[in-house]
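Everything below concerns the one structure shown next.
The values are calculated or read from the model by the stated rules, or taken from the named source; none is laboratory data. As the structure is a prediction and not an experimental result, all values here were calculated from the model. Cβ coordinates were reconstructed from backbone atoms using ideal geometry, including for glycine residues, and neighbour counts include every protein chain displayed.
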Ligand code: ADP
Ligand code: ADP
């Protein structure tokens, strides 16, 4: 895990400014949630941190490393999207193991890690299934497992629950909170759902039209008048 520091991040697309003046520092191990209306820049910020977009200007640090020019694959960041995008021909175990196999971790270590991750996400009875034999919620848990199996320094989630029905969303949200408490990986989570923001966040960043409107803990952001 690592702290994350954004200093004056700006991202322009042609002549549209998607985000600007984005400055905040997330301490090691905290869970931060980015909220705001559609189009306010949440995904752009997350994708910039992941290295899937390059900032037009500003500085981005992960841990103590300035990563402005570091490509996504070298950032030690894992990202989970709204649509699970699992490998359809691989089993649950093979999906979870994928990032570790790419890194040439030894077989025994991979096996242990797959089991640990599967247990913490209640997937241990599904290891030999293929994605299409799983429910939506199970598939998204596999996507979470695949992302965290290699113990990234930073975990980024872009509306990971919004394709699930209400019951599954509640269950998966609870699992995610538990997973974070267990692993303590610094996490940045994008949502437009207030319940998710309130239950998951250490801090909430409220965005509006590409700028930060407010940063605070859930009580201060959603305090009733
Ligand atoms: P959010 O995730 O909050 O819905 P986005 O980060 O997707 O917002 O978008 C922020 C702004 O940047 C929007 O005005 C959007 O139209 C613009 N934008 C995002 N990606 C691109 C792109 N690839 N090309 C042009 N404009 C973009
Ligand atoms: P492969 O033929 O690529 O080894 P497997 O499905 O046997 O495919 O396994 C993929 C990875 O997941 C391997 O690293 C394996 O150790 C691990 N794995 C597979 N099944 C289990 C299981 N039931 N428990 C723990 N790890 C498993």
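So here's what we get for this one:
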read-out: Hey, residue 58 touching a helix residue (DSSP H, G or I) at 6+ places or on another chain (Cβ under 7 Å) and free of Cβ contacts under 8 Å to residues at least 60 places away in the same chain or not; value: no
read-out: Test: residue in region 135-156 that is more than 19 Å from the chain's Cα centre (by Cα) and modelled with pLDDT under 95; value: yes
read-out: Some residue of region 95-114 being within 16 Å of ligand 1 (Cβ to nearest atom), at pLDDT 95 or above and under 18 Å from the mean Cα position of the chain (by Cα); value: no
read-out: Test set (1) touching a residue at least 40 places away in the same chain (Cβ under 8 Å); (2) within 19 Å of residue 68 (Cα to Cα) - residue 25 fails condition number; value: (1)
read-out: Answer from 129, 65 - the residue that is away from ligand 2 (no atom under 16 Å from the Cβ), out of contact with any strand residue (DSSP E or B) (no Cβ under 7 Å at 6 or more places or on another chain) and at pLDDT 95 or above; value: 65
read-out: Only one of 35, 117 that is within 13 Å of ligand 2 (Cβ to nearest atom) and either under 21 Å from residue 160 (Cβ atoms) or in contact with a helix residue (DSSP H, G or I) (Cβ under 6 Å, 6 or more places away or on another chain) (or both); value: 117
read-out: Test set (1) surrounded by 16 or more Cβ atoms within 10 Å (Cβ to Cβ); (2) away from ligand 1 (no atom under 16 Å from the Cβ); (3) more than 19 Å from residue 152 (Cβ to Cβ) - residue 59 fails condition number; value: (1)
read-out: Any hit, region 7-25, residues being surrounded by fewer than 21 Cβ atoms within 10 Å (Cβ to Cβ), modelled with pLDDT of 95 or more, under 16 Å from the mean Cα position of the chain (by Cα) and more than 11 Å from ligand 1 (Cβ to nearest atom); value: no
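Residue-wise test of (1) within 16 Å of ligand 1 (Cβ to nearest atom); (2) part of a helix (DSSP H, G or I).
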residue	(1), (2)
144	no, yes
155	no, no
162	yes, no
177	no, yes
